[in-house]
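Data block below; observations after.
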Amino acid sequence: MKELLLSPDHRFAVVQSEPWMAEALEAIQQASFPSLAKDELITAEHYRAHMRVFPEGQHAVIERKSHTVAACSTDLRTQVDFSHFQHRYMEAVGGNWLTTHNPQGDWLYGADIGVHPAFRGLGLSTLLYTARQNLVRRLGLQGHVAGAMPKGYATHQQSLHIEQYVAKVVRGEMFDPVLSVQLKRGYHVWGIIPNYLEDPSCGNYGVFIVWRNPERLL
C-alpha cells in the first residue's frame with residue numbers, strides 16, 4: 001500500500017482504499033451513522049464499486065502496525081451549480097454507487113467520512129480532510145464541497161430554526177460535532193439543504209460547505 005499521508009506520531013497512514021478493506025469500511029459506516037436510514041448506508045459492495053469508479057477518491061486510515069482500518073472517506077468528481085446547490089444526498093452519489101462521478105468534474109464532492117469509535121479523538125478526520133484537499137490540489141480542481149450533517153441539531157430543534165443553529169455554530173457560540181470540525185478545516189457554509197437525507201440526529205438537514213483550492217485563487 002502506498003502511504004499518502006502520515007499522522008504526526010507515524011502511528012497512522014492515509015492510503016487509497018483497497019477491496020480487502022470493504023467489510024471494515026462498512027463497519028465504520030454503521031458505527032458512524034447509527035441513526036441514518038438503512039437504505040442510505042454505504043455497504044461493502046458499494047465501497048468496492050467506489051474503488052472501481054474513482055479509486056483516487058477513496059481514502060482509508062490504517063494503523064500501520066496492525067493494519068487495522070480505523071477511518072475512511074469517499075469522494076467523487078462533479079460540477080457544481082452554486083445557484084442551485086440544494087439536492088438529495090442519494091441523488092448526488094447515484095444511490096451510493098457513484099454513478100454520478102464525472103471524470104471531468106472540477107469539484108470534489110465529499111460523499112462520506114467516518115472514524116471508528118475505537119479510534120476517535122486521535123486526529124484521524126484531520127488526516128482525511130488533509131488527504132482530500134491534497135487530492136484537490138493534485139488534480140487542479142476548484143475545491144471540495146460536501147453536505148455536512150449538523151449532528152448536534154437534534155437537541156436544539158425545539159428551540160432554534162436550523163438557520164439560527166448554523167449561524168451560532170459559525171460564530172462559535174455553539175459546538176456541532178461535525179460542522180464545527182469542518183469549519184476549523186477551512187470550510188465555509190454556503191447554504192442549508194432541507195431533506196438532504198434521513199437521519200433524525202440532524203433533522204434530515206444538510207449544510208452545503210465549500211473549501212476552495214487556494215492555488216486556483218491565485
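The values are calculated or read from the model by the stated rules, or taken from the named source; none is laboratory data. Here the structure is a predicted model, which is why all the values come from computation and not from measurement. Because the Cβ atoms are built from the backbone with ideal geometry, glycine has one as well, and the counts that use them run over all protein chains shown. Areas reflect the complete protein model, heavy atoms only, side chains present, ligands, DNA and RNA absent. Shrake-Rupley method; radii C 1.70, N 1.55, O 1.52, S 1.80 Å.
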Cα-based equivalent ellipsoid of the stretch 146-203: semi-axis lengths in Å, sorted from largest, via gyration tensor: 16, 13, 10
L6-D81 pseudo-label distance in nm [points 7 Å out on the Cα-to-Cβ vector]: 4.6
Qualifying chymotrypsin sites (Phe, Trp or Tyr not before Pro) in the stretch 154-209, DSSP loop, other Cβ atoms within 10 Å at most 15: F175
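I need to check one value: relative contact order of the stretch 10-68, counting alpha carbon pairs closer than 8 Å and at least 6 residues apart, in percent.
Values: 59 pairs, mean separation 33.4, N = 59.
In percent, rounded to a whole number, it is 57.
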Apportionment of accessible area to carbon and sulfur, the stretch 106-167, percent (1.4 Å): 50
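At a threshold of 8 angstrom on Cα-Cα distance, excluding pairs fewer than six apart, so keeping six or more, what relative contact order does the stretch 9-109 reach in percent? It would help to have the intermediate numbers written out before the result.
Working: 146 pairs, mean separation 29.6, N = 101.
This gives 29 percent for the stretch 9-109.
Please compute the contact order of the chain in relative form: average sequence separation of alpha-carbon pairs under 8 Å and at least six residues apart, divided by the residue count, as a percent. Write out the running numbers ahead of the final one.
Numbers: 421 pairs, mean separation 42.6, N = 218.
Relative contact order of the chain: 20 percent.
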Binned Cα-Cα distances of the chain, short to long, each 10 Å bin given as a whole percent: 8, 35, 40, 16, 1
Shape call, the stretch 101-218: gyration tensor on alpha carbons, a/c limit 1.5: prolate
Calculated from backbone phi, Karplus (6.51, -1.76, 1.60) coupling profile of the stretch 158-167 in Hz, x at Gly/Pro: 6, 10, 9, 5, 4, 5, 5, 4, 4, 4
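Need the full-extension length gain, R171 to A154, defined as separation in residues times 0.36 nm minus the C-alpha distance. One decimal, nm.
Numbers: separation 17, 0.36 × 17 = 6.12 nm, distance 1.90 nm.
Additional length available on full extension: 4.2 nm.
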Gain in span if fully extended, R216 to T68, counting 0.36 nm per residue against the direct Cα distance: 49.7 nm
S7, S125, reordered so the largest accessible area comes first (probe 1.4 Å): S125, S7
Rounded to 5, the percent of DSSP beta bridges in the chain classed as antiparallel: 90
